[in-house]
Structure formats: structure tokens, C-alpha cells
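Inspection log for the structure reproduced underneath, given as C-alpha cells.
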Amino acid sequence: MKRLFIIFLLMLSGNGFAVDYRQFSNPEQQEIYESLTSELRCLVCQNQTIADSNAELAADLRRQVYEMIEQGKTRQEILGFMTERYGDFVLYKPPFKAKTGILWIAPAIFLLTGLIAVFLFVRQKKKLSGIESSPEKQEKIRSLLENGDQS
Amino acid sequence: MLKYIIPLILFIVLAVFLALGLNLKPGDIPSPFINKPAPAFSSPKLDAPDEKLSQTDLTGKVWLFNVWASWCVSCRSEHPVLNQLAQEKAAVIVGLNYKDDPDDARKWLDTLGNPYTVSIMDQDGRIGIDWGVYGVPETFVIDKKGVIRYKHTGPVTDEDIQKTFLPLIAKLQIES
């Protein structure tokens, strides 16, 4: 049991090592660094942020972000620097543009289609159950249950 | 009738999306640099570290900028293609030796042949970041005015040379 617990703790610790820790004199800069590195995509391993990734490019980009913050650059300036070089793809949250519109709208469309489908389905089911419960049918069902099918 | 048509439509929509998805190459990220001026650099040459090369030295020439490294496996498969292209002398080929050990890089060129008119060193990957490099090898085509006209990600094949690079270079050579 104790051993399992230690293994569990070791599993938790894995994430802590992924990011190389950088010390800023100013807590605001620390915050910008942490939020930026977790919203910029690592272009080598595309489903990871540069904070998560151990790829060399991710380390270089973290260094770049760190240096730009130290130089006093703002969030927007750093994001601008990255998109100028790597395009919108480097952002985990792409801006709303004609090209990316479908990304943003599609989930709403799917949800709406689903809701309409459920609504139609339920309404149809209700109609059907209305027919089933007509008195003649009920009578027939009862006689079938009592006497069995003699046809 | 509707009972059959709706699933059919759903199936077709799904099939179209899957087919599109299969043909997408997530590794190919469109470069924001196309038709933009080449990012500035000034970096020591691999074979003569005392001399520097900057992008302005290449103004007036059509040149290829090929990102390579001795640790890069696909660069090895691309190398004979570049050697072949260098023999045709269609354009100046400049190499960016990306995050490499200069000794390893020079050894690599000695054994495999050197297609580059000149290679420059980018040991800490800063020029790479400025050019939006995310995977080695990458190849840019730059026109006489210093504007990036094309980018190829991954190893260049003979087919790419014949179908894309040579026609584009020929076109750019005519431009003033």
C-alpha cells in the first residue's frame, strides 16, 4: 500500500519537470511568462504547448519569450512576434477570422443540429405512443395477454 | 424514403470530412513569410568563421535557403538531391547550419559533398526562430529583391525539384 502511494506521488511529479523554471523579479512578469508559454503551440509536437514540450524548438521559444519579457515587451508584442513568424497556428486560441470562422462556429452548429434532431425525435415518439394507447389497441393487447395468440 | 436519405446524407458528409482529413498534412504549416522580405541575419560562415554573411549580400540573386544539420536524418536523404541541384547551377544555394556542432557539420559536408555556395551557422537557433523554422530540413526560395517566394517543409525530392523548384527559379531569374 505504501509502495503504491509512493508510485502515485511519483506519477504526480512528472509534470513539474517539463518546464524549465525561470525566475522573474516581478510577479506580473512571472504571470505573463507562465500564461504565454501555456498558450503557444510547440510546432514540432503539435498537440503540446511550449510549456509542456521538451522539444528543442519549444525550449528555444521559451527562451525567446523569457528574453522578450525581460526586455519589457508586452503580451501583445510577444504574441505578435510569434504569429509573424509561425502564423496563427502557433496560438492555441486562434483569432476569429474568415479562415478560422468555421472552427469557432462549427461546434454551435453541431449542437444546434443535435438539439433539433432530439426535438423532432421526441415529438415523433410522442405521436406514435398516442396511437398505441387508443382504447381498441389496449383491448386487443389485453386479450392477447390473457388468451394468447390464437390466430 | 426519408428514412434512407438522411443516413445516406450523413454518411456522405462524414465521408467527405474524413477524406479531407486524410489528405491534410498537419506537418505543413503555411508560412506567413510568403511574399514578405527575408528576415535579416548576419552570421559567421561555416567554412570561414571570421567572415559573416548577411541577407543583403545576396540582393540581385535568386537564392535558396536550406536549413540543415548533421544530426538531422531526413537531411541525409535530401542531400544527394541538393548536390544534383547544385550541379545544375540554377540558383545560389545558401545553407543554414541549424543548432549544429560546426566540426560535425564540416565533417558531414566533407563526406557527403557540399552543395552550398556558402553555409552560415546558427548554433543557438535564433535565425531559425526569425525564419519561422520548426522542422529541419526546410527550404526557402528568395527572389532578386530579397522577397521569400516559396517555402518547402521536409526533405526536397527529385520530383519537387523538377516540378516546383526549377520552374519557379527559372521564372524568378527572368524577373528584374
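The values are calculated or read from the model by the stated rules, or taken from the named source; none is laboratory data. Given the structure is predicted, the values throughout are model-derived calculations rather than measurements. Ideal geometry is used to build each Cβ from the backbone, glycine not excepted, and the neighbour counts take in all protein chains shown.
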**Asked** Given the structure, is A:E77 surrounded by fewer than 16 Cβ atoms within 10 Å (Cβ to Cβ), in contact (Cβ under 8 Å) with a residue 40 or more places away in the chain, more than 12 Å from every other protein chain (Cβ to nearest Cβ) and not β-branched (V, I, T)?
**Response** no
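Taking the residues in region B:5-59 that are among the polar types (S, T, N, Q) and in contact (Cβ under 8 Å) with a residue 60 or more places away in the chain as candidates, determine which candidate is nearest to B:I127 (Cα to Cα).
B:S43
Report, by residue number, each residue of region A:81-100 that is under 24 Å from the mean Cα position of the chain (by Cα) and within 18 Å of B:W131 (Cβ to Cβ). Talk me through it step by step, then tell me what you get.
Initial filter on region A:81-100 (under 24 Å from the mean Cα position of the chain (by Cα)): A:82-83, A:86-100.
Matches in region A:81-100: A:M82, A:T83, A:Y86, A:G87, A:D88, A:F89, A:V90.
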**Complete:** Residue hits (region B:118-172; within 14 Å of chain A (Cβ to nearest Cβ), of a type in the set (S, T, N, Q) and touching a residue at least 40 places away in the same chain (Cβ under 8 Å)) are B:T153
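Each row is one residue, and each column tells you yes or no for (1) outside any loop (DSSP other than H, G, I, E, B); (2) more than 12 Å from chain B (Cβ to nearest Cβ).
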{"position": "A:S35", "(1), (2)": "yes, yes"}
{"position": "A:D52", "(1), (2)": "no, yes"}
{"position": "A:A59", "(1), (2)": "yes, no"}
{"position": "A:Q64", "(1), (2)": "yes, no"}
{"position": "A:F81", "(1), (2)": "yes, no"}
{"position": "A:F89", "(1), (2)": "yes, no"}
{"position": "A:F96", "(1), (2)": "no, yes"}
{"position": "A:L120", "(1), (2)": "yes, no"}
**Item:** Which numbered condition A:V44 fails, given (1) out of contact with any Pro (no Cβ under 8 Å at 6 or more places or on another chain); (2) at pLDDT below 85; (3) away from chain B (no Cβ under 12 Å)
**Value:** (3)
